[in-house]
Amino acid sequence: MDPEIIIWNALRGALVTRALGLVADLRVAQALADGPRSHEALARERGVDADALYRLLRALASDGMFEEVEPGVFGNTAASEMLVRDGWNGFAVLFGGTWLHAVAALDASGEPSFERAHGDEYWTWLAAHPDERAAFDSAMAEGWQTRIDRLESIGWRGDELVVDVGGGNGALLVALLERHPRMHGIVFDLPETVREEQALGDRCTFVEGSFFEEVPGGDAHLLSGILHDWDDEPARRILATVRAAGAERLVVLDSVIEPGNDPDGAKWLDLLMLTLAGGRERTAEQWRVLLGQAGWRPTNVGRGVIEAQPA
C-alpha cells in the first residue's frame, strides 16, 4: 500500500471513530433498517442539523459504512447493518464517546488515562453511569457466536456446572447450555450488570458478587474477556479467587498476541486495555507465567482459548 495512504488512514482514525460513534448514538442504522431515507428526514427525526448529518454520513459512506444511493439519500451497507445489532451499536457509542476521550489522554507513562479524562477509575465510573453500563454490557455480549464456537472446540463432558465469572448478561453461557441439555450454569457478575434474569432459563442462575472476593463453586469456571481488563497483579487475584472455589477446570477466552508484524487486532485492543483500566493482552508465554503464579497448570494456550487445571 502507498505509504501516504497508510499514514493518512492512521491520522484520520479518530475522526472515523467519532463520526461512527455519533451516528450510532443517533441510531441512524436502525432508522434505515427498512430502506434508504433522506438525510433531511433523518435529521428532523433525530433533532440534529441536517447539513452536519449529511457530511457525517457522506464521509462514512466513502469508507463503505452507509451508502449514498442518490444525492442526499442514504441506505445501509453490510457494514452499517452491523450497527442495527445492539452490541455493535454499543461498541460504536463507547469507542466514539467515553473511550475516545480517554484515548485522547493516553500517554507513555504506563498508567491508564481514563481516570485523568473522566475523574474516576473505569469500573467505579461505569457503575455510576447506568446508560454507559448498559452499552458496555450490550457490547460485551456481542460476538458470543464466535466465542461459543471456541468453547465447543475444547470438548465437554456434557453435565457440568459451569460458572461464567464476569459473565455479564449471560448470553454466552445460555448459548452453551442450549447445546448441552444436561449442563447447568451460574452467571456471576456485579449487581449493576444489566440483564434479564428470565432469559437465563431454568438451568441457569445469576449470582451477584465480586470476583476479587469470592466466586461460586462449580465443575468448570469460564473467564471470557475478563483477564485482559486487568494488569498482572489484579489478574492473579482473580485467578486465585477462582482457584479457591475448588474449580476443576479453567477456560479463558482472551486474545493471545502473536509475534511478528502481521495485522493483529489484539495489539490495538492491548492499547485500549491500557487506556481504560491498565489491563493488557498477553503473549502465550505471558499467559503461562500468569497462570502458573496463580496456582494453575496451563494445558492449552491457543488462539483465543486458554485452558488450565489446578497445579
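The values are calculated or read from the model by the stated rules, or taken from the named source; none is laboratory data. What you are looking at is a predicted structure, and each value in this text was computed from that prediction instead of being measured. Note that we place each Cβ from the backbone using ideal geometry, even for glycine, and neighbour counts take in every protein chain shown.
For region 254-311, filtering for residues that are more than 14 Å from the chain's Cα centre (by Cα) and more than 30 Å from G119 (Cα to Cα) leaves 37.
Looking only at region 99-115, which residues are in a helix (DSSP H, G or I) and either within 21 Å of G13 (Cβ to Cβ) or in contact with a Pro (Cβ under 6 Å, 6 or more places away or on another chain) (or both)? Matches in region 99-115: W99, L100, H101, A102, V103, A104, F114.
Taking (1) under 21 Å from R297 (Cα atoms); (2) surrounded by 15 or more Cβ atoms within 10 Å (Cβ to Cβ) in turn, A244 satisfies each apart from (2).
Each row is one residue, and each column tells you yes or no for (1) surrounded by 18 or more Cβ atoms within 10 Å (Cβ to Cβ); (2) modelled with pLDDT under 95.
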{"residue": "W88", "(1), (2)": "yes, yes"}
{"residue": "F91", "(1), (2)": "yes, yes"}
{"residue": "D107", "(1), (2)": "no, no"}
{"residue": "F114", "(1), (2)": "yes, no"}
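Selection of region 48-74 for residues being within 30 Å of the chain's Cα centre (by Cα), of a type in the set (G, A, S) and either part of a loop (DSSP other than H, G, I, E, B) or farther than 20 Å from V93 by Cα (or both) yields S62, G64. Before we move on, is A92 assigned to a helix (DSSP H, G or I) and among the aliphatic types (A, V, I, L, M)? Yes. Would you say S210 is on the phi < 0 side of the Ramachandran plot and at pLDDT below 90? No: the conditions fail for S210. Residues in region 38-67 that are touching a residue at least 12 places away in the same chain (Cβ under 8 Å) and on the phi > 0 side of the Ramachandran plot: G64, F66. Total residues in region 110-129 satisfying the condition of being among the small types (G, A, S) and at negative phi: the figure is 4. Check whether at least one residue in region 167-182 is assigned by TED's automatic domain parsing to the domain that holds D229, part of a strand (DSSP E or B), among the β-branched types (V, I, T) and at pLDDT 90 or above, and report yes or no. Checking region 167-182: not a single residue is assigned by TED's automatic domain parsing to the domain that holds D229, part of a strand (DSSP E or B), among the β-branched types (V, I, T) and at pLDDT 90 or above.
Scoring F188 on the criteria (1) of a type in the set (F, W, Y); (2) exposed (fewer than 15 other Cβ atoms within 10 Å of the Cβ); (3) under 24 Å from D149 (Cα atoms) leaves a single failure, condition (2). Output yes when any residue across region 4-17 is within 25 Å of G97 (Cβ to Cβ) and surrounded by 15 or more Cβ atoms within 10 Å (Cβ to Cβ), and no when none is. So far as region 4-17 goes, yes, one or more of its residues are within 25 Å of G97 (Cβ to Cβ) and surrounded by 15 or more Cβ atoms within 10 Å (Cβ to Cβ). Taking region 236-283 as the range and being outside any helix (DSSP H, G or I), within 26 Å of D219 (Cβ to Cβ) and of a type in the set (S, T, N, Q) as the test, only S255 passes. Against the numbered list (1) under 30 Å from V194 (Cβ atoms); (2) touching a helix residue (DSSP H, G or I) at 6+ places or on another chain (Cβ under 8 Å), H39 comes up short only at (1). Checked against (1) of a type outside the set (D, E, K, R); (2) over 25 Å from A141 (Cβ atoms); (3) under 17 Å from the mean Cα position of the chain (by Cα), L94 passes all but a single condition, namely (2). Within the set of pairs 6 or more residues apart or between chains, which connect a residue that is among the charged types (D, E, K, R) inside region 91-116 to a residue that is surrounded by 20 or more Cβ atoms within 10 Å (Cβ to Cβ) and not in a helix (DSSP H, G or I) with Cβ atoms less than 9 Å apart? As it stands, the answer is E111/G278, since those pairs meet every condition given. For beta carbons closer than 7 Å, sequence separation of 6+ or different chains, a first residue in region 1-16 that is within 26 Å of L94 (Cβ to Cβ) and a second that is modelled with pLDDT of 95 or more, the qualifying pairs are A14/L100; V16/D63.
Can you find, within region 191-235, the residue that is surrounded by the most Cβ atoms within 10 Å (Cβ to Cβ) among those that are in a strand (DSSP E or B) and among the polar types (S, T, N, Q)? Checking each candidate, the answer is S224.
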